[in-house]
Structure formats: C-alpha cells, structure tokens
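K.L.:
Here you go, one structure.
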Amino acid sequence: MVLCLFGTCLFCSAVLGGVYALTKEPIEQTNAKILQTAVGQVLLRNADGTDIKEGTAILEAPDVLEMDGKSYEYYTQVENDKPVAYAIKSTVVGFGGPLTLMVGISADRKLVLNTSVLAHSETPGLGAKCTSDEKFMSQWKGLQLESTKLEVQKPVKDGIDAITASTITSKAYTSAVANALAAFDKIVAGQTVSENAEEAVLEETNNVEQEVENE
Amino acid sequence: MSKFGLITKGLVKDNPTFVLLLGMCPTLATTTSAMNGLSMGLATLFVLVLSNMAISALAPAVPDKVHIPVYIVVIATFVTVLQFLMQAFVPDIYATLGLFIPLIVVNCIVLGRAEAFANKNSVVDSALDGIGVGLGFTCSLTVLGAVREILGSLSVFGWKIPGTGDGMLAFVMAPGAFIALGYLMVLFNKFLAKK
Amino acid sequence: MEILIIIVSAIFVNNIVLAQFLGICPYLGVSNKLSTATGMSAAVAFVITLATLVTYLLNQYLLVPNQLEFLQTIAFILVIAALVQMVEIVLKKISPALYQALGIFLPLITTNCAVLGVAITVVTKEFTFGDASKMLNLGEALIYAFATALGYGLAMILFAGLREHLALNDVPKSFKGIPIALITVGILALAFMGFAGIA
C-alpha cells in the first residue's frame, strides 16, 4: 500500500522532471521572444511610426542601472557607433500589483519613441485596457518630451489622457515612464563619466610607458 | 450508455456548472471575457481527459486505502505538465489565468470524475467521459464569459461592438460574476422545467 | 504599518471569497446555517495557517535549494492532504470536543482551493506596499494566511446570516437554492467593492 503510493509519487516526479527538461528551452525561448518583441516595439520605430529596420533587434544581455533601490535593465540601439535610442525596463506598482513597461527613449531626450507592457496584474476590463486601449496607447508613440508633461491631467492640457475609469493605472503607467526617463538621464550621465574615466586610465598607462622608456 | 451519449450528457443533463454545481471557483474567476472562459475550459478539458485515462488504467492496481492520494498525485502531474506547456506556447493566456491553472488540481470536477466514473470503466469510455464533461464545462464557461463580456465591456470575443461606449463595469468585476451566473442558472432551470 | 496593510487588504479589500473567488464550493455548501458556517470558518482558519507554515518552509528549504520548484503543485497538495489527515487524527486524540465541532469539516478542506491557493500565492506573488513590492517573509506570510482566513470567516458568517433570512422568504421557483444565493453573494461582493482603495 505504502509502496504503491511511494511508487506513484516517484514515477510522477520522474515524469515531471522529464517534461520540465523538455519544455525548459521552449519556455526560455518564448520569454526571450516576448522581450525581443517589446524592445522591437519601442526601439525600431521613428516618431511618425514608420519602421526603421523591422525585426533587427538583436538582444544581448541587458545593462543594468541601480537607482533609488530599484534596478533598471536597459538595451541600447547603436547606429554608426553612436547610441541613438534606449529601451528601458521600468517597474512600478499599479492598481492590482506590479506593472512592468518597456520604454523607448531617443538618445537626444526629445522623444518617448513608444511603450510596451511586459507584465501587469490590472483589473480585466478596466486597468488592463492599458494593453489594448488605442487612444491611451497611441499618445505614447512619439511623445514629445519638450512640450508634454508626464502627468495625468483632467481635462488634458499638455499632459496625459487617462484610460476611462482607470486613473490609478494611468497614473502608475505615467510614473513608470517618468522613472524610465530619470533612469535614462542617469545612464547618459554615467556614460560620459565612464568615458572620461577610460581616457584617464589610458593617459596614465601612456605616462607609465613613457616613464619606462625614459629609464 | 452509448458512446455518443457519454460525450453529450455533459452539455445539458449533467452539466458540471449549472446542474452539478462543481468547479465554481474557476467558473467565476476566469470568465471576465469569452476568450478567457474558453481557455480555462479547454485547460480543464485537457487535464480531465488525460487524468481520466490514466486513472482508469491504474485503478485495478491501486489499493483501496490509498486511492485518493494516488489520484491526486496523478492529477497534479498532468496539471504541472499543462503549466509547462502553457508557459512555453501560450504565455499570454497563462499570465491571464494565473493561479487558477495550478488550482485545477483541487477542481472537484476532475477528482469527482475519477471517483465516480474512471475507476470503474474502460480507458476509452473514461476518455469519452472526460471529453463530454470537459466540453460541458467549456461551454458553460464560454457562455458565462460571453455574457459578462457583452454586458461589461460591450464586446464579443474581444471584438468591440461598434458605436458603443463603456459597458456596465461591475459585470467584469467580482460582483458581476456571481450575479451573471445566478441569472444564467435561473434561465437554465426554466429551460429544463419546460422540457 | 506593512502588517496592518496585509491584514486590512486580506480581510476586506482582497477578500478571498468575494474578490478572489477561492473556496466557493464549501462557501455555498455549508453556509445554510450560522452554526455550521462558524465551525467551517474555524476549521479553515486553522488549516490555512498551518498549511501555509508547512508549505512555505517546504518551498524555502527543500524545493528552492534543490531547484525543484517544478514539483510545487504536486508537493503542496500532497502536504496539505497529509496535514489534514494528521490534524484529524491528532484532534481526535487530544481534544474530542474540538474534534466534534470541526471534525466533519476537515475532510472537505483538502479540496478547498482556498488552502492551496493561499499556499501558492505566498510563495509566488509579490505583495505591494505603497509604491514598492516584495515577497513576504515567513512571519508576514503567516499573518497574511490567518487574515485571509478571517476574511473567509467574515464573508461566510455574513452570508449565512443572510441565507437564514432568505430561507423564510417566498422565492420564485427557478431562483430557489443556489441561483438566489449567488445573486445575494453578488450584492455582498458589490458592498465589499467599497473597500477598494483603502489599503
């Protein structure tokens, strides 16, 4: 009797281990695909919505920035050795739980290229509309940062129009973009610093080499 | 009972939702739209058919005293397999249904069919029984989901009825689930009484 | 402060029956009378808290270190089933009076999805406090489990009171039994929606 129960447990665990090993790779691929699609959505488009290079987002391991106790993963789009845009992953607390966005920001800090929801637990039919409401989503596409305030306004003057009956979600969404923008500032600032640091190191090695030569 | 009868009885006569009142939790929780209801129904159908088949094959070898734990282990195995498959191939639906996929383990329909049917019938009959009950469950969930979607967000399977505004939001949220199911049961009872 | 948020949100805002739809079957099944409803609530509170303790430790110290998270569902349900059996045996020996009161409800609890639901929730879901979210530690998980069970009891006892009155009224034939009960729960859930946003 005990043997039967034990045997069943052992057999089932073995089966599960096998299925787990088999599906592990497809699951990882699917997750990578989701990330790739999101980055593709926010990076590879011009402000007018035309594709720059469809499907050429090649993802390597993301860089990570730590800021205010949160970590932001980000991907850089490089053209002619210069960063042209950043895709920054930003998580805030929405109405039902964590809300994770991918936010694309142009390197000149003029445009939010686009946003894409990676994960959310908002109320179906209300806050969950942040993934389907055309009117709400379209205002993030090519949003002019110089002329638009990142705040939910009623009535809308120069800010963001909320999803009907889902103000909390809309506010959380907006603050996720604002956080991504703050992270962007820090990334850009950090890069100039690290470039200077590299130059300093380079100069130092040159000096050492010269000294060696002098001897 | 004929093979055909096995498949069709779950739709009306032994409908798991409206007549047997089984599996209420996923019925209420996942029917925010017709599509979600349909997905949850099919997920349950998958587990039901496989566990029915496995249990009817195993039943003669399982001592009576431990049969419930053994059945639960078998069901839990299929549920976990389903979790992996959904994560790999339909991640969106998996994210929407969330907690209610692992909770298929404690869905009384699955253990109920194992106890009431699968352990004393052949593998083929058990599979058909699983399909029948699973289809009945899927239909009820889809209907409830469709009703809530139409009332709550004025759309059908995600297709927005043109020229309409917002629906009665309460129907997408928790209270609407109870009320919609209550009234659907009333209609079902009326329909059965007329027959 | 965080503990207060956990308690208020588990009892009122995210009430396990009226907002999360867990444990509906026994909720509809044994809420006919106030006395059975109270007994069932007490048994559920006991088992949910105990099961959360055991499954949390099992997950933390056995499954995660050995990378066996994929056995979560199967391990949790087995542990819960075994636990319920054990509670039943121990209770019979130690406190026959308590066993008399709770005994008949215990076998029903294994298939109460509230127990497995809470056990899975505390080890997989991040909880939100203000504008940050994190996983619960063991103490917080236990408080959450117990508060959830209190919420279950609250919903159960309120509903049992309503149903006792309902039984005395003349209800149309097609509405008799479960349909009118469901509609009543719906109205109760509507009332609980008023708590949304306070946590």
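The values are calculated or read from the model by the stated rules, or taken from the named source; none is laboratory data. These numbers come from a predicted model, not from an experiment. Here the Cβ positions follow ideal geometry from the backbone for every residue, glycine too, while neighbour counts run over all protein chains shown.
K.L.:
In region B:102-149, which residues are among the aromatic types (Phe, Trp, Tyr) and either within 14 Å of chain C (Cβ to nearest Cβ) or closer than 21 Å to C:Gly23 by Cα (or both)?
P.N.:
B:Phe137
K.L.:
Tally the residues that are over 26 Å from B:Leu169 (Cα atoms), in contact (Cβ under 8 Å) with a residue 24 or more places away in the chain and assigned to a loop (DSSP other than H, G, I, E, B), restricting the search to region A:105-134.
P.N.:
Of the residues in that region, 3 qualify.
K.L.:
Moving on to the next point. Pick out the one residue from C:Lys134, C:Lys125 that is modelled with pLDDT under 85 and either touching a Phe, Trp or Tyr at 6+ places or on another chain (Cβ under 9 Å) or under 21 Å from B:Val73 (Cβ atoms) (or both).
P.N.:
C:Lys134
K.L.:
Related question: Taking B:Thr164 as the residue in question, decide whether it is part of a loop (DSSP other than H, G, I, E, B), within 14 Å of chain A (Cβ to nearest Cβ) and not aliphatic (A, V, I, L, M).
P.N.:
yes
K.L.:
For the subset of region A:24-65 comprising residues that are charged (D, E, K, R) and within 21 Å of A:Leu181 (Cβ to Cβ), which member is modelled with the lowest pLDDT?
P.N.:
Looking at residues that are charged (D, E, K, R) and within 21 Å of A:Leu181 (Cβ to Cβ), I get A:Arg45.
K.L.:
Of all residues in region B:150-182 being among the aromatic types (Phe, Trp, Tyr) and crowded, with 17+ Cβ neighbours inside 10 Å, which is nearest to C:Leu18 (Cα to Cα)?
P.N.:
B:Phe178
K.L.:
Look through C:Phe175, C:Phe195 and report the one residue that is within 14 Å of chain B (Cβ to nearest Cβ), touching a helix residue (DSSP H, G or I) at 6+ places or on another chain (Cβ under 7 Å) and without any contact (Cβ under 8 Å) to a residue 40 or more places away in the chain.
P.N.:
Working: C:Phe195 fails: without any contact (Cβ under 8 Å) to a residue 40 or more places away in the chain.
Just a single option satisfies the conditions, and that option is C:Phe175.
K.L.:
Right, here's the next one. Mind checking which pairs have a first residue in region B:179-195 that is at the interface with another protein chain (Cβ under 8 Å from one of its Cβ atoms) and within 12 Å of B:Arg148 (Cα to Cα) and a second that is hydroxyl-bearing (Ser, Thr, Tyr) and crowded, with 19+ Cβ neighbours inside 10 Å, Cβ under 7 Å, 6 or more apart or different chains?
P.N.:
Close Cβ pairs (under 7 Å, with a partner that is hydroxyl-bearing (Ser, Thr, Tyr) and crowded, with 19+ Cβ neighbours inside 10 Å) amount to B:Leu181/B:Thr27.
K.L.:
A further question follows. Residues that are closer than 30 Å to B:Phe188 by Cα, at least 3 per element: which helices (runs of 4 or more DSSP H) completely within region B:49-157 meet that?
P.N.:
Because the criterion is at least 3 residues that are closer than 30 Å to B:Phe188 by Cα, the helices (runs of 4 or more DSSP H) in region B:49-157 that meet it are B:91-97, B:108-116, B:123-153.
K.L.:
Here is a follow-up. Surrounded by fewer than 24 Cβ atoms within 10 Å (Cβ to Cβ), closer than 21 Å to B:Val79 by Cβ and of a type in the set (Gly, Ala, Ser): does that describe B:Ala114?
P.N.:
So B:Ala114 does not fit the description; no.
K.L.:
Next up: Identify, from the list B:Leu45, B:Leu21, B:Leu50, the residue that is within 14 Å of chain C (Cβ to nearest Cβ), among the hydrophobic types (A, V, I, L, M, F, W, C) and either touching a helix residue (DSSP H, G or I) at 6+ places or on another chain (Cβ under 7 Å) or crowded, with 19+ Cβ neighbours inside 10 Å (or both).
P.N.:
On inspection, the qualifying residue turns out to be B:Leu21.
K.L.:
Restricting to region C:1-45, count the residues that are in a helix (DSSP H, G or I) and either of a type in the set (Phe, Trp, Tyr) or out of contact with any strand residue (DSSP E or B) (no Cβ under 9 Å at 6 or more places or on another chain) (or both).
P.N.:
Number satisfying all stated conditions: 26.
K.L.:
Spot the failing condition for B:Ala34; the list is (1) within 14 Å of chain C (Cβ to nearest Cβ); (2) small (Gly, Ala, Ser); (3) in contact (Cβ under 8 Å) with a residue 24 or more places away in the chain, and only one is missed.
P.N.:
Among (1) within 14 Å of chain C (Cβ to nearest Cβ); (2) small (Gly, Ala, Ser); (3) in contact (Cβ under 8 Å) with a residue 24 or more places away in the chain, the lone unmet condition for B:Ala34 is (1).
K.L.:
Mind listing just one residue for me: the one in region C:189-198 that is surrounded by fewer than 18 Cβ atoms within 10 Å (Cβ to Cβ) and out of contact with any Pro (no Cβ under 6 Å at 6 or more places or on another chain) and, of those, nearest to C:Thr38 (Cα to Cα)?
P.N.:
C:Ala191
K.L.:
Checking the conditions here, which among B:Ile101, B:Ile161 is of a type in the set (Val, Ile, Thr) and modelled with pLDDT under 90?
P.N.:
B:Ile161
K.L.:
Can you tell me which residue in region B:34-79 is farthest from B:Val172 (Cα to Cα), limited to those that are polar (S, T, N, Q) and more than 17 Å from the chain's Cα centre (by Cα)?
P.N.:
Selected residue: B:Ser56.
K.L.:
Within region C:46-84, count every residue that is in contact with a Gly (Cβ under 9 Å, 6 or more places away or on another chain) and not in a helix (DSSP H, G or I).
P.N.:
The qualifying residues number 1.
K.L.:
Kindly indicate whether any position in region C:36-55 is more than 30 Å from A:Asn179 (Cβ to Cβ) and either loosely packed, with under 14 Cβ neighbours inside 10 Å or among the basic types (Lys, Arg) (or both).
P.N.:
no
K.L.:
Shifting gears a bit: Looking at A:Gly94, A:Gly190, A:Gly142, can you tell me which residue is modelled with pLDDT under 85, closer than 18 Å to A:Gln41 by Cα and among the small types (Gly, Ala, Ser)?
P.N.:
A:Gly142
K.L.:
Can you tell me how many residues in region C:20-54 are in contact with a helix residue (DSSP H, G or I) (Cβ under 6 Å, 6 or more places away or on another chain), within 14 Å of chain B (Cβ to nearest Cβ) and closer than 21 Å to C:Glu140 by Cα?
P.N.:
Going through region C:20-54 one residue at a time, the tally reaches 5.
K.L.:
Let me ask another. Going through C:Leu68, C:Leu62, C:Leu78, C:Leu57 one at a time, which residue ends up being more than 14 Å from every other protein chain (Cβ to nearest Cβ) and either within 15 Å of C:Val115 (Cα to Cα) or of a type outside the set (Val, Ile, Thr) (or both)?
P.N.:
C:Leu57
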